[in-house]
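Student: Have a look at this one.
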Amino acid sequence: MTIQLFHCDQGTDEWRRCRLGIPTASEFGSILAKGERKMRHTYMMKLLGERFTGEPADNYTNGHMERGKAMEDEARRLYAFMQDAEPVRVGFVRRGDVGCSPDSLVGDDGMLEIKTKLPHLQIAALIAGKLPPEHLAQVQGQMWVAERQWVDFVSYWPKLPLFVKRVPRDEAYIATLVAEVEQFLAELNDKAAWLAKNGATLAA
């Protein structure tokens with residue numbers, strides 16, 4: 001499978017066009033949410049809306065998001081210094097009909113995923129010393145999409161220690177993830193075909 005790299009700034013219109021209408025790693029958790037079928041259904045409807053309108057379903061920013069973006073840059077610089085690494089920023093990675101937006105690529109095998117966490121959540125992550133489970137599907141999904149071997153998961157809040165946890169590729173987990181994503185894509189394409197037959201026009 002060909003891997004495509006798009007060098008654009010995340011959050012821009014160009015970046016939104018890259019990911020329009022396809023499942024992305026940040027939402028793989030919704031696809032896997034067996035006990036929360038509504039999340040899966042809602043995500044599918046959003047992707048269908050994007051395919052037929054050509055408009056992103058979630059196209060907004062607020063003060064918290066802007067602050068988080070600024071802190072992400074701080075965390076990346078701190079990580080690079082502490083790990084003696086050279087993270088390379090990338091906008092979007094596409095593999096067929098799925099994609100991901102890693103916060104950086106690291107060397108030939110690694111990736112960087114950065115989260116900014118409020119102080120109480122950052123402290124909880126530092127004490128636990130492991131990948132927060134809510135990020136598992138995204139992190140393993142990124143490794144599948146980009147064909148990488150590990151992700152350094154980083155979380156950050158000013159005045160608190162940087163949390164860094166290297167997460168290796170889990171082939172068994174990825175096999176389950178791929179099966180679920182492929183089933184989701186099949187359903188998504190079937191619904192898109194039905195809509196096209198019944199008068200809806202795919203966006204150019």
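The values are calculated or read from the model by the stated rules, or taken from the named source; none is laboratory data. Fair warning: this is a prediction, and the values are worked out from it, not measured in the lab. Cβ coordinates were reconstructed from backbone atoms using ideal geometry, including for glycine residues, and neighbour counts include every protein chain displayed. In case anyone asks, the SASA skips ligands and DNA or RNA and just uses the protein heavy atoms, side chains included. Shrake-Rupley method; radii C 1.70, N 1.55, O 1.52, S 1.80 Å.
Student: With the condition kept exactly as written, say whether any residue in the stretch 59-79 is under 16 Å from P161 (Cα atoms), out of contact with any Asp or Glu (no Cβ under 8 Å at 6 or more places or on another chain), open to solvent by 20 Å² or more (accessible area, probe 1.4 Å) and in contact (Cβ under 8 Å) with a residue 12 or more places away in the chain.
Tutor: Within the stretch 59-79 (the criterion being under 16 Å from P161 (Cα atoms), out of contact with any Asp or Glu (no Cβ under 8 Å at 6 or more places or on another chain), open to solvent by 20 Å² or more (accessible area, probe 1.4 Å) and in contact (Cβ under 8 Å) with a residue 12 or more places away in the chain), the answer is yes, since at least one residue qualifies.
Student: Which of the residues spanning the stretch 81-109 are within 17 Å of the chain's Cα centre (by Cα), of a type outside the set (A, V, I, L, M, F, W, C) and surrounded by fewer than 16 Cβ atoms within 10 Å (Cβ to Cβ)?
Tutor: Those that are within 17 Å of the chain's Cα centre (by Cα), of a type outside the set (A, V, I, L, M, F, W, C) and surrounded by fewer than 16 Cβ atoms within 10 Å (Cβ to Cβ): R89, G96, D97.
Student: Next question. Could you check the stretch 3-17 and list, in sequence order, the residues that are without any contact (Cβ under 8 Å) to a residue 12 or more places away in the chain and surrounded by 13 or more Cβ atoms within 10 Å (Cβ to Cβ)?
Tutor: R17 - this is the single residue of the stretch 3-17 that is without any contact (Cβ under 8 Å) to a residue 12 or more places away in the chain and surrounded by 13 or more Cβ atoms within 10 Å (Cβ to Cβ).
Student: If E86 meets every condition in (1) part of a strand (DSSP E or B); (2) over 17 Å from R17 (Cβ atoms) apart from one, which number is that one?
Tutor: (1)
Student: For L48, are the conditions met, namely being in contact with a Phe, Trp or Tyr (Cβ under 8 Å, 6 or more places away or on another chain) and in a helix (DSSP H, G or I)? Can you show your working first?
Tutor: On the way: in contact with a Phe, Trp or Tyr (Cβ under 8 Å, 6 or more places away or on another chain): no; in a helix (DSSP H, G or I): yes.
It is false that L48 is in contact with a Phe, Trp or Tyr (Cβ under 8 Å, 6 or more places away or on another chain) and in a helix (DSSP H, G or I).
Student: Tell me the residue from D109, D103 that is out of contact with any helix residue (DSSP H, G or I) (no Cβ under 8 Å at 6 or more places or on another chain), of a type in the set (D, E) and under 19 Å from Q142 (Cβ atoms), please.
Tutor: Step by step, each of D109, D103 is checked, and only D109 is out of contact with any helix residue (DSSP H, G or I) (no Cβ under 8 Å at 6 or more places or on another chain), of a type in the set (D, E) and under 19 Å from Q142 (Cβ atoms).
Student: Ok, one more. So which residues in the stretch 161-180 are among the hydrophobic types (A, V, I, L, M, F, W, C) and more than 16 Å from R76 (Cβ to Cβ), if there are any at all?
Tutor: Residues satisfying the conditions are V167, A172, I174, A175, L177, V178, A179.
Student: Give the residue, chosen from E72, E50, that is of a type in the set (D, E), modelled with pLDDT of 95 or more and within 25 Å of T12 (Cβ to Cβ).
Tutor: E50
Student: Something else about it: Does G129 satisfy being among the small types (G, A, S) and either on the phi > 0 side of the Ramachandran plot or in contact with a His (Cβ under 6 Å, 6 or more places away or on another chain) (or both)?
Tutor: For G129, the condition - among the small types (G, A, S) and either on the phi > 0 side of the Ramachandran plot or in contact with a His (Cβ under 6 Å, 6 or more places away or on another chain) (or both) - is met.
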